[in-house]
Amino acid sequence: MRKFLFLLLILFSFSYAQNIKVIDMKFAVAIQNREPIGISERFPPDIGKVYCWTKIYSDKVPTKVYHVWYYKGREMARVELGITYSTFRTWSSKNILPEWVGSWKVVVEDENGNKVAEKSFEITENWQ
């Protein structure tokens with residue numbers, strides 16, 4: 001009986017595994033009407049703030065994702081974002097100090113901490 005319940009539990013958990021996909025991911029200087037403005041992967045040190053915009057698909061709603069911001073491999077911020085429709089646009093932002101020149105990335109994680117996507121950008125003097 002225990003083996004049967006264990007197998008049933010495993011089958012049940014796999015049959016309801018969440019499916020989250022990042023359809024699009026962009027970095028920008030602003031968000032306007034839920035769309036990124038000034039899209040780039042290179043920004044000047046005096047940018048002040050960078051936005052990470054994502055378009056997410058999830059077969060389970062409501063749910064949440066996280067934008068995890070890294071600078072030179074060090075976690076700088078973890079932002080929880082609620083997903084309320086199966087296709088949903090959402091974003092987070094990070095204040096950037098002028099001395100934080102170098103490589104950045106944002107990792108998108110599902111509510112269980114699984115990596116769904118990642119993308120990098122750079123803060124550099126030679127941004128154009």
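The values are calculated or read from the model by the stated rules, or taken from the named source; none is laboratory data. No experiment lies behind these values; they were computed from the predicted model shown. Using ideal geometry, Cβ is built from the backbone for each residue, glycine included, and neighbour counts are taken over all protein chains shown.
One table, with the values for the structure above:
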| item | result |
| --- | --- |
| Subset of the range 22-47 that is more than 16 Å from Asn126 (Cα to Cα) and small (Gly, Ala, Ser) - its residue that is surrounded by the fewest Cβ atoms within 10 Å (Cβ to Cβ) | Ala30 |
| Contacts under 6 angstrom Cβ, first residue in the range 87-102 being exposed (fewer than 15 other Cβ atoms within 10 Å of the Cβ), partner outside any loop (DSSP other than H, G, I, E, B) and of a type outside the set (Ser, Thr, Tyr), 6 or more apart | Asn95/Lys49 |
| The listed residue being under 24 Å from Lys21 (Cβ atoms), loosely packed, with under 15 Cβ neighbours inside 10 Å and among the basic types (Lys, Arg), out of Lys115, Lys119 | Lys115 |
| Qualifying position, being at pLDDT 95 or above, among the small types (Gly, Ala, Ser), out of contact with any His (no Cβ under 9 Å at 6 or more places or on another chain) and closer than 25 Å to Gln32 by Cα, among Ser120, Ser103 | Ser120 |
| Test: residue in the range 63-81 that is charged (D, E, K, R), modelled with pLDDT of 95 or more, surrounded by 12 or more Cβ atoms within 10 Å (Cβ to Cβ) and over 19 Å from Asn112 (Cα atoms) | no |
| Scope the range 32-67; condition assigned to a strand (DSSP E or B), of a type in the set (A, V, I, L, M) and under 19 Å from Lys105 (Cβ atoms); matching residues | Val50, Ile56, Val65 |
